[in-house]
Amino acid sequence: MGYLMSSEPISESQSPLQGPTTSLRLWPGIVIVACLWLIQIWSVTGEFALIKFMLGKMISPIATALGLVIWWLFATRLRWTDRRLSIGVLAIVAIATPLIAGSNFPPMAMMIYALPILSTVWVMWLVLSIPLTWPVREYGLAFLFVLIGAVCSMLRLDGMDGSFAAEFHWRWEPTGEARLLSELSTPRPVSIVKDTVKPLQPTDWPCFRGLNRDGQVHGVSITTDWDVNPPKELWRHRVGPGWSSFAVIGPRVFTQEQRGDQELVVCYEAKTGAEVWSHSNATRFTEIVAGAGPRATPTFHEGRIYSCGANGALNCLDAETGKLIWTRDIVADTTAKVPQWGFSSSPLVMNNIVSVFAGGPDGNSLAAYHIDDGKLAWTAGTGLLSYCSPEAVVIDDVEQILFPTEDGLTSFEPATGKVLWLHEWPAPGIARVAQPALVGKNEILIGTGMNLGLRRITVTKLGDTWSTRENWTSREIKPYFNDFVISENHIYGFDGPVFMSLNASDGKKTWKTRGSGKGYGTGQVLLLADQHLLLVLTETGEIALVEANPTEFREIAKVPAISGKTWNHPVISGSTLFVRNAEEAAAFELTLRPTEKQTD
């Protein structure tokens, strides 16, 4: 401890390169770094909260680095020449590294990942090198600063998972998108099947989370002994980045993806995965957490595909050919700004109106267009933040569009955009992502991440007046970008990386788990309603079958499906399961129960 606590100064006549090691006061640096890691550990334990994340991952690294610089310059008792040399090298590294790294290692990554490592290495080196001479210690420290900067310059950040853990690769390794573009330099086989898009059938999946946008599959029962009858892979191939799910209509599958500077709506053949057609917009959206690509799932309605791109391009396409019928720019129409994570609203078609979230000011929260010619029908609402999709419901025989924002949950009249009612549940600065869910005839579940929780409300109509009442609010589950399903008055969904069941009557937890093996991460879930069976697509691309059992967690089967971070919602259409992520898509044939085979 003498080395760490010593206060012996270097004499003015002594050479800085031969100053005694006892002159360096180390304990303040040790305390600063210890505090950093205590805050880091605290920020990832217990329930997720935005303030914890900000303090642990953003504020504390910066504060630590500043604290170490102040300590080094004013409290180490080293000669000024020594202090200036190390800080000078550090300053050069801090300037050069971002210039060399560019977008491969953006400033946020420097702050969240590089600063804690650099701060820790700085102090650890000085502690471990105490027996060495001062020149070795000082030049070694400068070398470590340069080494950390060099490594950061050679890395590429490929996004973060649902727990904000980063995925790094060497910058010279090709991305999944680069591999796809390389493959596409040799044209893929194009579908020659003459099947056409037919009117909607009961087993079709026409839009985000199915016909009712509730993640429920009806009319399908599958065998669950996957040791004997596992899902049979039909096809698999690379796709461009994006977080779109699928719309499936008979022989066709529709999704969105990014390919270079082109944002595409792509139609694939359901049985083979062969590309049928694609429509492109010359635009590209990307951000640090989720990466590049469109976010929203296309919507099928009466022979047309409606798609919303990440930068706000709303397209109406012929589902048979991909020919553009009309297009609109949501940003231009509503003076909105492109959201931080991109437009993610899957279009809702209702009463000859297609509506999407815009987030514009002055009553431009939701935008609706006539489906025949794309002319703007109305804009309404005050919410500026949301990554939800409009939800169609009927309450008290009145058709309405539900939409959650930071204000709460708003109901709109489909034809005019008139606000029927607003349930206020302010979440300043927080965008809601999970879809609202109608329970019974007039009760609705509203999910909110960032530690706010899940709320059940009752909507009533007396004459021409609507009102809402809070039944309960539970913080047992805090749905963020993972939607939940409801089976027999119980809720099944994700609270961060925890999969759980709650009683829908009171919001009380009945069980929770992280799942088998490495867990489910922040995955997505479907309900096979006829079997009270949950199909979970994990964040790492596995598919699991879980009983929709309110009393205990029972996993029936689990198999790998695709590789990589998987946030896209799975789809079951007939006997086929479709899954995708930002790098690949695949289809699997599920074995139907014998009774189902006879009627399929």
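The values are calculated or read from the model by the stated rules, or taken from the named source; none is laboratory data. Just so it is clear, the model here is predicted, and its values are computed rather than measured. Glycine also receives a Cβ, built like all others from the backbone with ideal geometry; neighbour counts cover every protein chain displayed. For the accessible areas, the whole protein counts, side chains as well, though only heavy atoms, and no ligand, DNA or RNA atoms are used. Shrake-Rupley method; radii C 1.70, N 1.55, O 1.52, S 1.80 Å.
Key figures for this structure:
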read-out	value
The stretch 91-245: equivalent-ellipsoid semi-axes (sqrt of 5 x gyration tensor eigenvalues, Cα, Å)	51, 21, 15
The stretch 458-519: GluC sites (Glu not before Pro) in DSSP loop, at most 12 other beta carbons within 10 Å	E488
Coil-residue GluC sites (Glu not before Pro) of the stretch 285-323, DSSP, other Cβ within 10 Å capped at 13	E302
Dimensions (Å) - the stretch 335-380, Cα atoms, principal axes, largest first	30, 21, 14
Fraction of the pair-distance distribution of the stretch 258-356 above 21 Å, Cα-Cα pairs, percent	32 percent
Listed pairs K52/K558; K461/K512; K198/K375 exceeding 29 Å between Cα atoms	K52/K558; K461/K512
Solvent-accessible area per residue for the chain (1.4 angstrom probe, square angstrom)	42 Å²
Relative contact order of the chain, pairs being alpha-carbon contacts under 8 Å that are 6 or more residues apart, as %	10 percent
Debye equation applied to the C-alpha atoms of the stretch 452-569, log10 I(q)/I(0) at 0.11, 0.16, 0.18 Å⁻¹	-0.39, -0.72, -0.87
Fraction of accessible area attributable to carbon and sulfur, the chain (%, probe 1.4 Å)	59 percent
D_trans [Stokes-Einstein, Kirkwood Rh over alpha-carbon pairs] for the stretch 55-126, 20 °C, 1.002 mPa s, µm² s⁻¹	164 µm²/s
Order of exposure, largest accessible area first, which applies to W27, W466 with probe 1.4 Å	W27, W466
Sites L200 and D464, calculated FRET efficiency, Cβ-Cβ separation with R0 41 Å, nearest 0.05	0.75
Charge dipole (the chain, unit charges on Cβ, about Cα centre) - positive-most of P339, T76, M450	T76
Radius ratio Rg over Rh of the chain, counting only Cα atoms, Kirkwood formula for Rh	1.05
Rounded to the nearest 20 debye, dipole of the chain from Cβ charges on Lys, Arg, Asp, Glu	1520 debye
Difference of contour (0.36 nm per residue) and Cα-Cα distance, S163 to H237	23.9 nm
Of C267, F246, V220, farthest towards positive along the dipole that unit charges on Lys, Arg, Asp, Glu beta carbons give the stretch 209-268	C267
Against the rule of thumb 2.2 N^0.38 Å, how large the Cα Rg of the stretch 122-185 comes out	1.75
The stretch 160-253: chymotrypsin sites (Phe, Trp or Tyr not before Pro) in DSSP coil with no more than 15 other Cβ atoms inside 10 Å	F164, W172
